[in-house]
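Have a look at the structure below before the remarks.
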Amino acid sequence: MSRLVIISNRLPVTIKKEAGDLIYHPSAGGLATGLNSLDESFEKIWIGWPGQDIKDEWERETVRQDLKKDGLFPVFLTQEQIELYYEGYSNKTIWPHFHYFTQYTSYRDHYWEAYQQVNRQFADEVIPLIKEGDLVWVHDYQLMLLPAMIREAYPDVSIGFFLHIPFPSYEVFRILPWRKEILEGILGADQIGFHTFGYMRHFLSAVYRICGFEHHFGMLTVGDRLVNVDMFPMGIDYNKYAHPEPASEESETAQKIIQLAEEQKLIISIDRLDYSKGIPQRVRAYANFLEKHPEYRGKVTLVMIVVPSRANVSQYQALKQKIDNLVGRVNGEYGNFGWVPIQYFYRSLDFGDLTTLYKVADIALITPLRDGMNLVAKEFIASKEASKNGVLILSEMAGAHNELHDSITVNPQDRQDITKALLQALTMDEAEQAKRLEGMQEKLKQHDVRNWAATFINEQKKLMESQKENIVK
Ligand code: G6P
């Protein structure tokens, strides 16, 4: 049985210090769920940052021992590394750049130095853990130099790399001063995966123009190695959303949500607070809808959940201000004593409340300016398994749009387009809602997160076996 060595910036558990105690919380996200489902066929270990600056060596040792029982190995980052590598190069350089926000990109050498140094620190943690026959799987934009660093230590180990965010077009990518080093880092892997065909095409084009490697049906020859580049759109844990475990009793929040849905048409929007999500544009489009269609005032409510994220990064702080102001303005202008047009919450919802919201919502309004995939769109569709009632309005800039053709497609910058989509969604008959939902549900059921992880791993395994055969021959 092969062993899987997973490396991601964040571990599937995040440590928080509460009243001096170390508390372990599960990290949110599809990645942890998907990879946990591979238990039967793979023994696995996971290396990553536990999300907290733990200085004390005694505390670090306690964390190491606690996590080891679950096959988790922490990489501890100092406050300075968090600032320069995580908030800096990862989230002020790569994140905006790869999402086409080049006006937000910082080009600072000391961020780059910290990025190289932390990738090296991850390599130093991982290298002693690797055994012969292991499959190594590196995740996301925080660790793009890591595949080549592992390759240097183990010329024959099988390495996969998956990018969870968009890969931008060559014309944007080429602006990055460290473009060649980034590509060479990723090319240390044997298999490189993206959510969509577009991201994969942009990557191959950048590799050709910057490194000079041509591909043949996604297969690159890098030195004496074959590298497979392919698309693997990530799915969700379908059943978890289609058949959520009933809560022992509904929370007060869930009851309020249900009550609101009885009185109003509910439009929902759920995102991390991020400029790539198009939140101000969405609020303005909703205000435009209320302006153009006054007959809907008092009859619809936008429930907007904005999950705090990367709060130390200045652009995120500025965006928070902007959203607070805009929501206040729209509610002030259109609301009345009996009706608040936007119910806005700056926090995350627990799972029971989230699934209640999905279940009773009439419309999901998901309009990112750029999004690697967007799993919320998929979760909303799965949550409609029983009712077959609900409409998804989805930005064409989300990776998920490539699979969810039966949504209403919008350009997130086009206020009139979103206004029309809202009207179309609010007046769509139930038969059409059901027809659209069923088509999308079928797809998501088949291509769930287990299938995503298994497909990636099986392809990588096949490649590993064929590489071995070639060496033997
Ligand atoms: C995106 C990235 C992930 C990241 C997540 C949350 O989905 O692709 O790598 O973990 O955002 O962001 P955070 O900065 O809190 O890890």
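Bear in mind these aren't lab numbers, they're just calculated from the coordinates by the rules spelled out. Predicted model only: the values in this text are computed from it and were never measured. Ideal geometry is used to build each Cβ from the backbone, glycine not excepted, and the neighbour counts take in all protein chains shown.
In table form, for the structure just shown:
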quantity: Cα Rg over Rh - the range 355-457, Kirkwood; calculated: 0.97
quantity: Cβ-placed point charges (K, R +1; D, E -1), dipole of the chain about Cα centre in debye, nearest 20; calculated: 1020
quantity: Exposure proxy order (Cβ contacts within 10 Å, fewest to most) of 295, 87, 442; calculated: 295, 442, 87
quantity: Positive-end residue, the range 281-417 charge dipole about Cα centroid, Cβ charges, pick of 358, 309, 416; calculated: 309
quantity: Leading residue at positive end of dipole, the chain (Cβ point charges), from 187, 121, 49; calculated: 187
quantity: Whole-Å distance, taken between Cα centres, linking the range 46-120 and the range 436-465; calculated: 29
quantity: Over the range 223-353: Kirkwood hydrodynamic radius from C-alpha pairwise inverse distances, Å; calculated: 17.4
quantity: Residue-by-residue Karplus 3J(HN,Hα) for the range 123-138, coefficients 6.51, -1.76, 1.60, Hz, glycine and proline x; calculated: 4, 5, 6, 6, 3, x, 8, 6, 10, 4, x, 5, 9, 9, 10, 9
quantity: Space enclosed by the convex hull of the alpha-carbon atoms of the range 117-220, per residue, Å³; calculated: 99
quantity: 3J(HN,Hα) from dihedral phi, the range 45-61, Karplus parametrisation 6.51/-1.76/1.60, rounded to Hz, x for glycine, proline; calculated: 10, 9, 10, x, 7, x, x, 7, 7, 9, 8, 5, 4, 5, 5, 4, 5
quantity: Within straight-line cross-link reach of residue 292, lysines at Cα separation under 18 Å, skipping those fewer than 8 residues along the same chain; calculated: 265, 420
quantity: Prolate/oblate/rounded call for the range 149-204, Cα gyration tensor, a/c under 1.5 rounded; calculated: oblate
quantity: Rounded to whole Hz, the Karplus (6.51, -1.76, 1.60) HN-Hα couplings of the range 94-100, x for glycine and proline; calculated: 5, 4, x, 4, 6, 9, 6
quantity: In degrees, nearest ten, helix 197-206 long axis to first principal axis of the chain (Cα); calculated: 40
quantity: Given 16/378; 240/445; 92/378; 256/388, the pairs whose alpha carbons are separated by over 20 Å; calculated: 16/378; 92/378; 256/388
quantity: Binned Cα-Cα distances of the chain, short to long, each 10 Å bin given as a whole percent; calculated: 4, 19, 29, 26, 16, 5, 1, 0
quantity: The range 40-193: C-alpha gyration tensor shape, a/c 1.5 cut-off, then a/b vs b/c; calculated: oblate
quantity: Crossing angle, helix 430-446 versus the chain [Cα axis fit, 0-90 degrees, rounded to tens]; calculated: 10
quantity: Least to most buried among 436, 3, 174 (fewest other Cβ within 10 Å first); calculated: 174, 3, 436
